[in-house]
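The values are calculated or read from the model by the stated rules, or taken from the named source; none is laboratory data. Small disclaimer: the values here were computed from a predicted structure and weren't measured. When we count neighbours, we look across all protein chains shown, and the Cβ atoms used for this are built from the backbone with ideal geometry, even at glycine. All accessible areas refer to the heavy atoms of the entire protein, side chains included, with ligands and DNA or RNA removed. Shrake-Rupley method; radii C 1.70, N 1.55, O 1.52, S 1.80 Å.
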Amino acid sequence: MDQEIELCLALPAELNSAFIQKLPKLLPAAGKPEQQDLLSIYYDTPNMDLQRRDMGLRLRQKGNQWIQTVKYGQSAGAGLNARAEFEHITHGPALELANIADLDARNFLCDDKIATRLQPAFTTRVQRTLWEIEDKQGNIVEVCLDVGHISCDDRSAVVNEVEVELKQGKLEAMFAVALTLAKTFPLLPQPRSKAERGARLFTQTPIKPEGAKLPELTPDMSPIEARRLIKMECLRHLQANLPWVGQGDDMEFIHQARVAIRRMRSANKAFAALPDDATWNRLENGLQALAQMLGDVRDRDVLVHETLARIEPAFEGKIPLHVVQQALLQQREELIQKVRTAMHSPRIGTLLLHLLAWLHVDHPEDSAADGVALKDFAHAALDKRLASVEKFAKRWEKLDEPERHTLRKHVKKLRYSAEFFSSLYPQARVKKFLGSYRDVQEALGLMNDAVVSRELLQQLAVQQPAVAFAAGAAAGWEEHIGYLAVEEIMPALQEMRSAKPYW
């Protein structure tokens, strides 16, 4: 059995020529490029039984040869693929299921319920430019530039990506090659393989914003393993949404990408008892800067599509809110252009690759956390988060506006931490505890939206005097909404403070 370990990185097509030209200079150990024309036929059942098992079955024409490949398992993710792989040369362009080396895969695929229903699902045709790099330590890494398309009936998707595969040696060598390239080219980790994208064409499944998922923790995990699993999910969440920011109606993609960053940073706070890591601190600064860019866009989205839409009926057309909306949408377009510029520079791809490498490479300081039971660790971490909330909640009536915002952040961090560790505890207790925080979060969210909206509208009134009257009226109304939320929060706070911790 071989294990395929590779990074899949999206590259803008207009940079293909520059990539081919510059790679030998960036990686002097690279051999001469090899050109390959590859036709691959992917098989599955009409119900996608293979995909549901994280299995792929492919016939590939490479020169005069046909190669059958079975892949299954996915132990990495977020742009890094690590799968078991079984290949053999066939006698022609036909499947030879009986010759699969892996017994479990062979038994599954040869079962009549599967074998009789297998059919070509989609094809890929790519022109591949391949370089092999061997360093002084004997690590061998293969870099491929794939240009072509995936097709299924009359549907197709463009392929333009760089694959960096570890053929021999240590994982660090693969990341080193990828990061060397990413410092010059905007290489964004591609969260979906060609097979996954082809399956979407086959099932005609559109790309939609993806929410967060909760990884399954088990009591026998170490805190280090749990943190890695949680942060990997946060990175997956981010990468599932980030490529679509700035394309079409992208409001929810922006929201989910921003939430993913917030959750990742909250995960670090939940595991603050683990040893500090200077590398992570630098990466978190990069995440914070990206979150700020996305947040500036998100604030305008909320103001235009939620806040102004909510208060417009109250003005009965007497206040020209449309001029405010137009001005804010113009600001949004300028801000989204900043995000696009960042996405098409090496900055974001390098950040994501560094995060992925950090999550897959062992750190010397991690050994200090050996021997700590995960549930004991979770108990202490959740107690700490709960104490931070209680410190402000019990003084609610004396809190000023910044302190109320701090309470909101503490409540959100507690909720995220409670979700992260929830699989370790009875779900009924978890659900009851999280439910007790819902009304407080909603009220605090309305109050925060009112503050942010008021500040943006006041800034707009100064910048554009022509919309000052309408912006001022909207700001006044939002301040009124904020006052109502303050008055209604007390019962929710009492319910929250009386909730019994599930841990």
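Across L97, L229, L109, the residue with the most accessible area heads the list, and the full order at a 1.4 Å probe is L229, L97, L109.
Straight Cα distances below 23 angstrom link K412 to the lysines K213, K231, K269, K375, K384, K391, K394, K398, K431, K432, K500, with same-chain residues fewer than 8 positions distant left out. The long axis of helix 321-343 is offset from the longest Cα principal axis of the chain by roughly 40 degrees. Using only the alpha-carbon atoms, how far is helix 401-420 inclined from the longest principal axis of the chain? Give it as 0 to 90 degrees, nearest 10. Helix 401-420 sits roughly 40 degrees off the main axis of the chain. Partners of K62 within straight-line reach, counting aspartates and glutamates whose Cα lies under 12 Å from its Cα and excluding those fewer than 8 residues away in the same chain: D37. Seen against the Cα atoms of the chain and their longest principal axis, helix 251-270 is set at about 90 degrees. Against the set (1) 26.1, 80; (2) 23.0, 71; (3) 26.2, 95, the structure's computed Rg and Dmax of the Cα atoms in Å falls on (1). The apolar share of the surface of the chain, taken as the fraction of accessible area on carbon and sulfur atoms (1.4 Å probe, ligands and nucleic acids excluded), comes to 51 percent. The residue list S423, L399, G445 was ranked by how far each Cα lies along the charge dipole of the stretch 397-503 toward its positive end, using unit charges on Cβ atoms, and S423 comes out on top.
Pairs exceeding a 24 Å alpha-carbon distance, out of K25/K338; K22/K208; K32/K183: K25/K338; K22/K208. Calculated mean residue ellipticity at 222 nm for the chain: -17500 deg cm²/dmol, from DSSP H runs with n ≥ 4 weighted as -39500 (n - 2.57), summed, divided by the residue count and rounded to 500.
Give me the lysines in straight-line cross-link reach of K113: C-alpha distance below 24 Å, same-chain residues under 8 apart excluded. Within the straight-line cut-off, K113 pairs with K71. Exposure check, 1.4 Å probe, all protein chains in place: R497 carries approximately 110 Å² of accessible surface.
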